[in-house]
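In what follows, a structure is listed as structure tokens, so that the remarks can point back to it.
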Amino acid sequence: MGLKVLVVGGGAAGMMAAGVAAQQEAEVLLLEKNAQLGKKLLLTGKGRCNLTNDCEIEELIANFPDTGAFLYSAFYTFSNQRLRRFFAQLGVPTKVERGGRVFPESNSARQVVAALKKFLQDHQVKINLNTAVDKLLLAGNRIEGVQASSGKQYLADRVIFTPGGAAYPSTGSAGDGYRILEELGHTIQSVQPSLVPLEVQEGWVQKLQGLTLKNVEARLYLAEQLKGTEFGELLFTHFGLSGPIILTLSRQVEDLLAAQGLLTIEIDLKPALDHHKLDARLKRDFQKYSRKQFKNSLGDLLPSKLIPIIVELAVIPATKVVNQITKEERYSLVELLKSFSLTITGTRGFRKAIVTKGGVDTDEIDPATMESKLIKGLFLAGEVIDIDAYTGGYNLQAAFSTGYVAGSSVIN
Ligand SMILES: Cc1cc2nc3c(=O)[nH]c(=O)nc-3n(C[C@H](O)[C@H](O)[C@H](O)COP(=O)(O)OP(=O)(O)OC[C@H]3O[C@@H](n4cnc5c(N)ncnc54)[C@H](O)[C@@H]3O)c2cc1C
């Protein structure tokens, strides 16, 4: 009889860990609370699954702002290139897109999940679906197994615990792991939604719903103190702001909302032009449309959906004939276009967060094996650990790398 290994959670980290442990002749049972495996994986990359990023390992690490150093060993053991080879061998060749983002050539997250399921099947991993684990069973400081919410106990030599974080609970990762591990003495670093859309106070934002702005700069301010700057793509929604640069800035927002002062995002709609150049540009446009009303003069400069809002917010009356606009009025328009400001009132919360910031303290996990330093035979992997990155494929790489390390370390 081989070593008995239980894996809790059939997401990215759990499927990788289960297959790798089984490859080494362990007898593996995977317990998943949903009726299917990889429910979150199917949603990743808008259904295309941004598996990893084709960058140097140092850059992978740098994309984890707080705890990247913990992942050093895991990333060198199971790198992004190795992950790509792993999927290619499973019949999922990958391609690199803008920003180094790696996707399956098929653009199909479904194909990724199917390949992982085949990986499990090929190595005789047993799978129990609809099985929520409620408790870890210990004998002293050694793991003995787990107890499901039905009361049923499963005994094992090793447990790999990969229940995910608290983000997007509709996919199964509802924060169960934090409670279960805290009860056993693990420290949970403050858990917050990250990579999450932001809600704003300004009601007019609804009128911009669906508008994407490319190549803009967003600046996050708390009480007029700059807290972060991002350049790239932004999306207006019916409640506020989303899109890559907003998701990146969102990582700080829960903390900043708890602090004193007004939280705002200023959008520079024309970052390629400084105030002087933008003024010269406006002057040219105003000459071209000198006989039109102000509200009909911005079509060369701004997307049509944005024009009525800018006109509403500008000090210039909408119907003023352009050749009557004063220099001061034009300057104030430049200021508005360079510092288009919205007040942040909240985030969309865990329900809509892509990832969880916080989780099991990395100091309590051996980075070379993913074994808990508190409980022998218990291995942790994936988002339940205090590791979170920006968008670009880094979060899945971390789940797969830590899953791989946990799966290959159980046997020693
Ligand atoms: C909409 C969306 C899009 C994303 N897109 C990307 C992307 O393109 N690229 C990227 O790098 N990252 C992306 N992410 C983040 C990435 O999906 C996660 O970081 C990653 O899936 C974490 O893997 P995991 O295995 O730790 O957790 P999960 O994938 O969440 O898996 C955890 C599993 O454990 C199960 N489980 C939980 N509790 C229990 C329990 N008590 N008993 C039994 N089973 C349990 C859950 O049902 C779940 O199946 C995205 C996230 C979201 C929400």
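Report, by residue number, each residue of the range 335-360 that is in contact with a strand residue (DSSP E or B) (Cβ under 9 Å, 6 or more places away or on another chain) and more than 16 Å from the ligand (Cβ to nearest atom). Scanning the range 335-360 gives Leu337, Lys338, Ser339, Phe340, Ser341, Leu342, Thr343, Ile344, Thr345, Gly346.
Residues in the range 357-390 that are assigned to a loop (DSSP other than H, G, I, E, B) and buried (at least 24 other Cβ atoms within 10 Å of the Cβ): Met370, Ala381, Asp386, Ile387, Asp388, Ala389. Every condition in (1) surrounded by 15 or more Cβ atoms within 10 Å (Cβ to Cβ); (2) of a type outside the set (Lys, Arg); (3) within 9 Å of the ligand (Cβ to nearest atom) is met by Leu138 except one, and the failing one is (3). The residue list Asn412, Asn323, Asn395 contains one member that is closer than 27 Å to Ala218 by Cα and either among the polar types (S, T, N, Q) or away from the ligand (no atom under 16 Å from the Cβ) (or both), which is Asn395. The residues on offer are Ile143, Ile127, Ile160, and the sole one that is assigned to a strand (DSSP E or B), touching a residue at least 12 places away in the same chain (Cβ under 8 Å), of a type outside the set (Gly, Ala, Ser) and farther than 19 Å from Ile188 by Cβ is Ile127. A Cβ distance below 9 Å, combined with a sequence gap of six or more or placement on separate chains, defines the contacts here; from the range 384-395, residues that are on the phi > 0 side of the Ramachandran plot reach residues that are small (Gly, Ala, Ser) and near the ligand (Cβ under 8 Å from one of its atoms) in the pairs Gly393/Gly45.
The numbered conditions (1) in contact (Cβ under 8 Å) with a residue 24 or more places away in the chain; (2) under 38 Å from the mean Cα position of the chain (by Cα) are all true for Val321 except (2).
Scanning the range 20-59 for residues that are surrounded by 17 or more Cβ atoms within 10 Å (Cβ to Cβ), among the hydrophobic types (A, V, I, L, M, F, W, C) and more than 8 Å from the ligand (Cβ to nearest atom) yields a total of 8. Of all residues in the range 201-209, one or more are over 19 Å from the mean Cα position of the chain (by Cα), closer than 17 Å to Glu266 by Cβ and surrounded by 17 or more Cβ atoms within 10 Å (Cβ to Cβ). Within the range 1-15, being within 25 Å of the chain's Cα centre (by Cα) and more than 8 Å from the ligand (Cβ to nearest atom) holds for one residue alone: Val7. The criterion of at least 1 residues that are within 22 Å of Tyr390 (Cα to Cα) and modelled with pLDDT of 95 or more is met, among helices (runs of 4 or more DSSP H) falling completely within the range 227-331, by 244-250, 253-258. For the criterion of being within 16 Å of the ligand (Cβ to nearest atom), touching a helix residue (DSSP H, G or I) at 6+ places or on another chain (Cβ under 7 Å) and farther than 20 Å from Arg101 by Cα, Gly382 fails. Name every residue in the range 162-179 that is more than 9 Å from the ligand (Cβ to nearest atom) and either surrounded by 22 or more Cβ atoms within 10 Å (Cβ to Cβ) or acidic (Asp, Glu) (or both), in order of residue number. If the condition is that a residue be more than 9 Å from the ligand (Cβ to nearest atom) and either surrounded by 22 or more Cβ atoms within 10 Å (Cβ to Cβ) or acidic (Asp, Glu) (or both), then Ala166 is the only one that fits. For the range 251-263, the criterion of being farther than 30 Å from Val355 by Cβ and not polar (S, T, N, Q) is met by no residue.
Taking the criterion of being crowded, with 24+ Cβ neighbours inside 10 Å and out of contact with any Ser or Thr (no Cβ under 6 Å at 6 or more places or on another chain), the residues of the range 391-403 that qualify are Tyr394, Asn395, Leu396, Ala398, Ala399, Phe400, Ser401, Thr402, Gly403.
Summed over the range 237-252, residues that are more than 14 Å from Thr347 (Cα to Cα) and without any contact (Cβ under 8 Å) to a residue 40 or more places away in the chain total 1.
Would you mind stating whether Leu257 is surrounded by 16 or more Cβ atoms within 10 Å (Cβ to Cβ) and in contact with a Leu (Cβ under 7 Å, 6 or more places away or on another chain)? Criteria not met by Leu257. Is there a residue in the range 7-27 that is modelled with pLDDT of 95 or more, in the same structural domain as Ile127 (by TED's automatic domain parsing) and at positive phi? Among the residues of the range 7-27, at least one is modelled with pLDDT of 95 or more, in the same structural domain as Ile127 (by TED's automatic domain parsing) and at positive phi, which makes the answer yes. Checked against the criterion of being within 16 Å of the ligand (Cβ to nearest atom), surrounded by fewer than 20 Cβ atoms within 10 Å (Cβ to Cβ), not assigned by TED's automatic domain parsing to the domain that holds Thr67 and not β-branched (Val, Ile, Thr), the candidates Glu233, Glu217, Glu183 yield just one match: Glu233.
The values are calculated or read from the model by the stated rules, or taken from the named source; none is laboratory data. For clarity, every value in this text was computed on a predicted model and none was experimentally measured. Virtual Cβ from ideal backbone geometry, glycine too; neighbours counted across all protein chains shown.
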